[in-house]
Amino acid sequence: MALQFQTEPAQRRATFRDDRSAVRIAVCPSEPPPPQRDPLVDIAVAADATAGPVDLASFWDVFIDRKLRLDSVAVGPDRHYVFARADGAGASRLVPLETTVVVRALGGEQQKLIAAELGIACSTASKWFTHGLLKLGLARRPIPLPLVIAAQAREAGQTPFVAARSAIVSREGGTMVLISVPKPKIGANGLTPAEEEVARLLVNGDSRWEIATKRATSAQTVACQLRGIYSKLGVSGRYALIGRGVKLGWFA
């Protein structure tokens, strides 16, 4: 069987002809399907339109006391959203050391420094942090931005300068609390345009590999850019970067 291949540039069409049957078959390259809009975003945006200001430190107290548990997360065009519902009576509460390590780590402190101040091994601090996140339902996922900022508000003992909002939502046959914070608006702050973009993606919860994919570069390049960001802003890691961003007004 002889196959002849012809290309029509204007239509981007490939034509195959089978000489045995004289049948011409036109094959067009497939296009990726359009991205599916998350219906949860529409629910969050609609509820957020009627939301009011929220004390993030108080919300964190209720959340870490296991009176609320994380239900779902959504990211809209301009804001990050978390849905939380009332937790069951059998929820396992954090022990004091777990609470201390989780709050301080989410506040941006390095675990080795936390361990040194508490007089425990670094591996022990890491264990308490992991156990605490498991109890809060936050393991195996990027910690949602509203929860990180809420934990930092509790650690600081004051309400940060963040345009956070809260609303009550009826969803899935129950009542939930919706908390939202803005996406970061990162100014120059001595960063290059590429570093600004990498910092924004990291704050939003993307991993180094996800950032590399979105920016069509290598993970090694992203790691180098992150070192530059951390050095210029005097931080180390995503949580500390978020805390620095709060002080710089990224979420106002």
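Each label point was placed 7 Å from the Cα along the Cα-to-Cβ direction; for ALA223 and LYS67 their separation is 4.4 nm.
Only lysines eight or more places from LYS127 in sequence, or on another chain, were considered; those with a Cα closer than 25 Å are LYS67, LYS112, LYS135. Rounded to 0.05, the FRET efficiency of the ALA46 and THR159 pair, given R0 = 22 Å and the Cβ-Cβ distance, is 0.30. Between GLN110 and LEU248, the contour length at 0.36 nm per residue exceeds the alpha carbon distance by 47.6 nm. May I ask for log10 I(q)/I(0) of the stretch 116-239 at q = 0.12, 0.15, 0.17, 0.23 Å⁻¹, from a Debye sum over the Cα atoms as equal point scatterers with solvent left out? For the stretch 116-239 at q = 0.12, 0.15, 0.17, 0.23 Å⁻¹, log10 I(q)/I(0) is -0.62, -0.94, -1.13, -1.38.
Scaled against the 2.2 N^0.38 Å expected of a compact globular protein of N residues, the Cα radius of gyration of the stretch 200-240 reads 1.08.
Across the stretch 50-56, coupling constants 3J(HN,Hα) worked out from phi with the 6.51/-1.76/1.60 Karplus curve, θ = phi - 60°, read 10, 6, x, x, 9, 7, 5 Hz, and Gly and Pro carry x. If R0 is 22 Å, the Cβ-Cβ spacing of ARG93 and SER170 corresponds to a FRET efficiency of close to 0.20.
The numbers here are math on the coordinates, done by the rules we state, and not lab data. Because the structure is predicted, anything quoted here is derived from the model rather than measured. Here Cβ is always computed from backbone atoms with ideal geometry, including for glycine, and neighbour counts include all displayed protein chains.
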